[in-house]
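Heads up: the structure comes next, in structure tokens.
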Amino acid sequence: MTPDKERPQLPVVLVAGMHADARRRVVDRLLADVPGSVALHHDLGSAADGTVTRTVRDATGEVSRGAAPLVNDCACCALREDLMPELLRLAGSARLAVVELWDSVEPMAMAEAVAAHGGHTVGPTNVITAVDPALVLPCLANGDDLTEAGLAAAATDQRTVADTLARQLEYAPVLALVDEDEADDEDRALLTQLHPTARQVPLDSPELAQLAFAGFDVETAAAAQHPSCALLPQEADEAGVATLVWRGHRPFHPGRLYQALEDLTCAAARSRGRFWLADRPDTLLGWDAAGGALSVETAGPWLASLPDAAWDLVPPMRRAAASLDWHPRHGDRCQHLVFISPGLDREGLTQLLESCLLTDTEYAAGREAWKRFPAAFDDLLSPVS
């Protein structure tokens, strides 16, 4: 636990998760176990009326209720605008602020907002995602848009249920398990393989309250999710759930990989990582798939494509990740993809991936020849924010 002298005046723990009942039970537990704590929640479900409903409560019940107007027709923007003034107002009286995020709100943006605007007064001390292990696979299989599910935070929200849940799980250092008695071994294995380094804590554990104060670094957390240096899961096989880690240095043929995208995306409940295409040798590409939907994004340059002087401007975590993947010819350019699923066909998936690489003849032709391959991925690519 972080010593008191290193904590902000008001420690803030964020509680995320797709399921309101699970989140509420985790928040109730924290309010009961931490005297002087308050919970702050913005209900984005009321955004259709032009406002976001804010409630503040403690262990005895509701303390106050108010409304924040929409900002740019975006409920999540309204949340960000209203959150910090409320937290600063609570700083003089509360021991801990528990920010209960709405169903589809991802904790990364909120944690970064609190860290950026709280100064020494307010700061994030942990992120907890409430999860029922038995519901993880059904949600990961749900490729519906958040708009279709009634969970969109803005009119332009194009996320799906599956990829939103995946990011909520993978960002949080702590997973609070609710109703885990309903889960079987496969459910538990899937959750563990999705985020092996997370601390899994049962709802009734006193450790949950202690972890609320543990400490949280937003820069390290963000780097751990970025495709260039993501802390990806390792090989695993338990209770019918497997994780395949597929690595290589030879580039993909853009056309063959594009033709295989549907099969690769549907081969696993969750897949992510970084990769490179022969016709884009300087561009690091991020792979993020869940629920049968794939996002391929540009994630900046490979370090090997940068001049030596630029390396001093690169964060240490990024340089460390590059050194682990370094190849005498290609530098840090690599294929590093992870596929996680019950019933994973390791052999078939490996063969499909390898068939998308350049052949010996194509590889020997060199980079100038590679750049003349048809640019199959132009329509898919968008920058990482």
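Test of understanding: extend the Cα→C-beta vector of residue 225 to 7 Å, then name every residue of region 9-43 with backbone N under 14 Å from that spot.
Only 14-18 pass the distance filter.
Ranked highest first by average number of other Cβ atoms within 10 Å, how do 244-252, 343-351 line up? Don't skip to the end; give the middle numbers.
On the way: 244-252: 19.1, 343-351: 13.7.
Ranked from most to least packed, the peptides come out as 244-252, 343-351.
Hey, what D do you get for the chain in µm²/s if you plug the Kirkwood alpha-carbon radius into Stokes-Einstein at 10 °C and 1.306 mPa s?
Numbers: Rh = 22.1 Å.
Using the Kirkwood radius from Cα pairs, D works out to 72 µm²/s.
Once you list every other residue whose beta carbon is under 10 Å from the beta carbon of residue 381, what net charge do they have if Lys and Arg are +1 and Asp and Glu are -1? List each step's numbers first, then the result.
Details: positive: 280; negative: 297, 378, 379.
The answer is -2.
Starting at 0 and stepping by 5 Å, how many percent of the alpha carbon pairs of region 1-140 end up in each bin?
Pair shares across the bins are 2, 10, 20, 23, 22, 14, 7, 2, 0.
Through the Karplus equation 6.51 cos²θ - 1.76 cosθ + 1.60, θ set to phi - 60°, convert the phi angles of region 83-96 into ³J(HN,Hα) values in whole Hz; use x for Gly and Pro.
5, 5, x, 5, 5, 5, 5, 7, 4, x, 10, 9, 7, 8
Select from region 283-385 those chymotrypsin sites (Phe, Trp or Tyr not before Pro) which occupy a DSSP coil region and have at most 16 other Cβ atoms within 10 Å, ordered by residue number.
326
Near residue 36, within a Cβ-to-Cβ distance under 9 Å, what is the net charge of the other residues, with Lys and Arg +1 and Asp and Glu -1? All intermediate terms of the calculation are to be shown ahead of the outcome.
Values: positive: 95; negative: 58.
Cβ neighbours under 9 Å give a net charge of 0.
Calculated FRET efficiency, residue 361 and residue 84, Cβ-Cβ r, R0 51 Å, to nearest 0.05?
Computed FRET efficiency for residue 361 and residue 84 comes out at 0.30.
So what J values fall out for region 146-156 if you push phi through Karplus, 6.51 cos²θ - 1.76 cosθ + 1.60 with θ = phi - 60°, rounded to Hz, Gly and Pro as x?
4, 4, 5, 8, x, 10, 5, 8, 7, 4, 8
For region 254-385, with all protein chains present and a 1.4 Å probe, just round the carbon and sulfur fraction of the accessible area to a whole percent.
Numbers: 3250 of 6210 Å².
On region 254-385, the fraction of accessible area on carbon and sulfur atoms equals 52 percent.
Amide H of residue 123: which non-local residues (sequence gap of 5 or more, or other chain) have their own amide H closer than 5 Å, using H built in the peptide plane?
10, 12
I'd like the distance separating the alpha-carbon centroids of region 205-255 and region 1-72, in whole Å.
The distance from the Cα centre of region 205-255 to that of region 1-72 comes to 27 Å.
Can you list residues from other chains, or at least 5 along the same chain, whose modelled amide H is less than 5 Å from the amide H of residue 199?
Residues meeting the amide H criterion: 174, 175.
Long-range amide H contacts for residue 335: which residues qualify at under 5 Å (H placed 1.01 Å from N, peptide plane, sequence gap of 5 or more or a different chain)?
For residue 335, whose amide H was placed from the backbone, the distant partners under 5 Å are 248, 249.
Per-residue HN-Hα couplings for region 298-307, Karplus 6.51 cos²θ - 1.76 cosθ + 1.60 at θ = phi - 60°, whole Hz, x for Gly and Pro?
6, 10, x, x, 5, 4, 5, 8, 8, x
Which one of 257, 124, 193 is farthest out on the positive end of the charge dipole of region 117-263, using unit charges on Cβ (Lys, Arg +1; Asp, Glu -1) and the Cα centre as origin?
Going by the charge dipole, the pick is 257.
Please list log₁₀ I(q)/I(0) at q = 0.15, 0.21 Å⁻¹ for region 118-174, using the Debye equation with identical point scatterers on the alpha-carbon positions.
Debye intensities relative to I(0), on a log10 scale: -0.55, -0.85.
Helix-derived [θ] at 222 nm for the chain: sum -39500 (n - 2.57) over DSSP H runs of at least 4, divide by residue count, nearest 500?
Roughly -9000 deg cm²/dmol at 222 nm, from the helical runs in the chain.
Using only the Cα atoms of region 263-385, each taken as one equal point scatterer with no solvent, compute I(q) by the Debye sum, divide by I(0), and report log10 of the ratio at q = 0.10, 0.13, 0.22 Å⁻¹.
-0.35, -0.60, -1.45
If you roll a 1.4 Å probe over the heavy atoms of the protein chains, what accessible area per residue do you get for region 77-161, in Å²? Before the final figure, lay out the partial values.
Details: 3220 Å² over 85 residues.
So region 77-161 comes to 38 Å² accessible per residue, rounded to a whole number.
Roughly what % antiparallel, to the nearest 5, for the DSSP beta bridges in the chain?
Numbers: 47 of 73 bridges.
Antiparallel bridges: around 65 percent, rounded to the nearest 5.
The values are calculated or read from the model by the stated rules, or taken from the named source; none is laboratory data. Keep in mind that this is a model prediction, so the values were computed, not measured. When we count neighbours, we look across all protein chains shown, and the Cβ atoms used for this are built from the backbone with ideal geometry, even at glycine. Accessible surface areas use protein heavy atoms only, side chains included; no ligands, DNA or RNA. Shrake-Rupley method; radii C 1.70, N 1.55, O 1.52, S 1.80 Å.
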